[in-house]
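Novice: Have a look at the structure that comes next, please.
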Amino acid sequence: MSAFDEWSDNFATHLYEKYKNTKGALLPILHEIQDCLGCIPHAAVLHICDSLNLSKAEVDGVISFYHDFRRENDGRFEIKVCRAEACQAAGSEELVSYIQNRLSQAETQGTFRIEPVYCLGNCALSPSLMMDGKLHGRVSPERFDRLLTLQRTESA
Ligand code: FES
């Protein structure tokens with residue numbers, strides 16, 4: 001769990017201290033904000049522009065380009081299912097169908113978002129997915145159900 005769950009002066013100071021000597025700091029800063037807050041708030045964009053001496057168009061362009069970055073947190077948990085070759089060969093398409101069906105049930109409807117990704121670097125343990133930022137391999141429908149139960153227990 002991150003120490004920061006909303007944009008604040010303290011979060012801005014933390015980022016400045018952590019990345020002040022980092023070349024190409026924009027992406028790591030955006031990733032850290034996204035990981036902590038679930039989105040990149042407008043105030044954070046303005047701060048990044050000032051601290052990195054970038055135009056708003058430059059920062060907005062990077063946020064728009066990368067699928068991972070969101071402007072608003074919709075409150076849903078994200079499940080990234082690998083759709084690349086090794087995972088496809090190991091049944092990721094069937095797994096996605098199972099997950100979609102499973103998450104359409106009343107108890108979970110609208111609380112999860114499924115996103116495709118193209119290789120999580122876990123090909124040897126295909127099919128792979130990432131749930132709440134944690135990587136899981138050899139995910140069968142039964143294993144997915146266990147992960148879902150665990151996730152719902154932890155977030156309750
Ligand atoms: S192809 Fe799925 S983790 Fe690499």
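The values are calculated or read from the model by the stated rules, or taken from the named source; none is laboratory data. Nothing here was measured: the structure is a model prediction, and the numbers come from that model. Cβ coordinates were reconstructed from backbone atoms using ideal geometry, including for glycine residues, and neighbour counts include every protein chain displayed. Heads up: the accessible areas ignore ligands, DNA and RNA and are worked out on the full protein's heavy atoms, side chains in. Shrake-Rupley method; radii C 1.70, N 1.55, O 1.52, S 1.80 Å.
Novice: Report the residue count in region 91-132 for those that are part of a loop (DSSP other than H, G, I, E, B) and closer than 15 Å to PHE144 by Cα.
Specialist: Here the count works out to 8.
Novice: Looking for something more than 16 Å from the ligand (Cβ to nearest atom) and closer than 30 Å to ARG152 by Cβ - is there at least one such residue anywhere in region 46-60? Talk me through it step by step, then tell me what you get.
Specialist: Taking region 46-60 first, the residues more than 16 Å from the ligand (Cβ to nearest atom) are 46-60.
Going one step further and asking which of them are closer than 30 Å to ARG152 by Cβ, we end up with none.
No; the residues of region 46-60 include none that is more than 16 Å from the ligand (Cβ to nearest atom) and closer than 30 Å to ARG152 by Cβ.
Novice: Looking at region 99-121 only, could you name the residues that are farther than 16 Å from ASP68 by Cβ and either buried (at least 16 other Cβ atoms within 10 Å of the Cβ) or small (Gly, Ala, Ser) (or both)?
Specialist: Listed by number, the residues that qualify are ILE99, LEU103, SER104, ALA106, GLY110, PHE112.
Novice: Still on this model: Being acidic (Asp, Glu), open to solvent by less than 90 Å² (accessible area, probe 1.4 Å) and more than 16 Å from the ligand (Cβ to nearest atom): is that true of GLU78 here?
Specialist: yes
Novice: Among the residues in region 99-117, are any within 14 Å of the ligand (Cβ to nearest atom) and over 15 Å from the mean Cα position of the chain (by Cα)?
Specialist: Looking for residues that are within 14 Å of the ligand (Cβ to nearest atom) and over 15 Å from the mean Cα position of the chain (by Cα), one finds none in region 99-117, hence no.
Novice: Hey, which of the helices (runs of 4 or more DSSP H) in region 1-74, taking only ones fully inside, have at least 1 residues that are aromatic (Phe, Trp, Tyr), open to solvent by less than 60 Å² (accessible area, probe 1.4 Å) and more than 22 Å from ARG113 (Cα to Cα)?
Specialist: 9-19
Novice: Name the residue, out of ASP60, ASP35, that is touching a residue at least 60 places away in the same chain (Cβ under 8 Å) and either of a type in the set (Lys, Arg) or not assigned by TED's automatic domain parsing to the domain that holds LEU148 (or both).
Specialist: ASP35
Novice: Next question. Search region 95-114 for residues that are among the aromatic types (Phe, Trp, Tyr) and pair each with any residue that is assigned to a strand (DSSP E or B) when their beta-carbon atoms are under 8 Å apart and the residues are at least 6 apart or on different chains.
Specialist: Qualifying pairs under 8 Å: PHE112/PHE77; PHE112/GLU78; PHE112/ILE79.
Novice: Go through region 123-135 residue by residue and tally those that are open to solvent by 30 Å² or more (accessible area, probe 1.4 Å), closer than 23 Å to SER155 by Cβ and within 11 Å of the ligand (Cβ to nearest atom). Working first, answer last.
Specialist: Within region 123-135, the subset open to solvent by 30 Å² or more (accessible area, probe 1.4 Å) is 123-125, 130, 132-135.
Checking the rest, the ones that are also closer than 23 Å to SER155 by Cβ come to 130, 132-135.
Then keep just the ones that are within 11 Å of the ligand (Cβ to nearest atom); that gives 130, 135.
Matching residues across region 123-135 total 2.
Novice: If you check ARG138 against the conditions, is it under 30 Å from THR22 (Cα atoms), more than 10 Å from the ligand (Cβ to nearest atom), outside any helix (DSSP H, G or I) and not assigned by TED's automatic domain parsing to the domain that holds GLN34? Walk me through it before giving the result.
Specialist: On the way: under 30 Å from THR22 (Cα atoms): no; more than 10 Å from the ligand (Cβ to nearest atom): yes; outside any helix (DSSP H, G or I): yes; not assigned by TED's automatic domain parsing to the domain that holds GLN34: yes.
So ARG138 fails the test.
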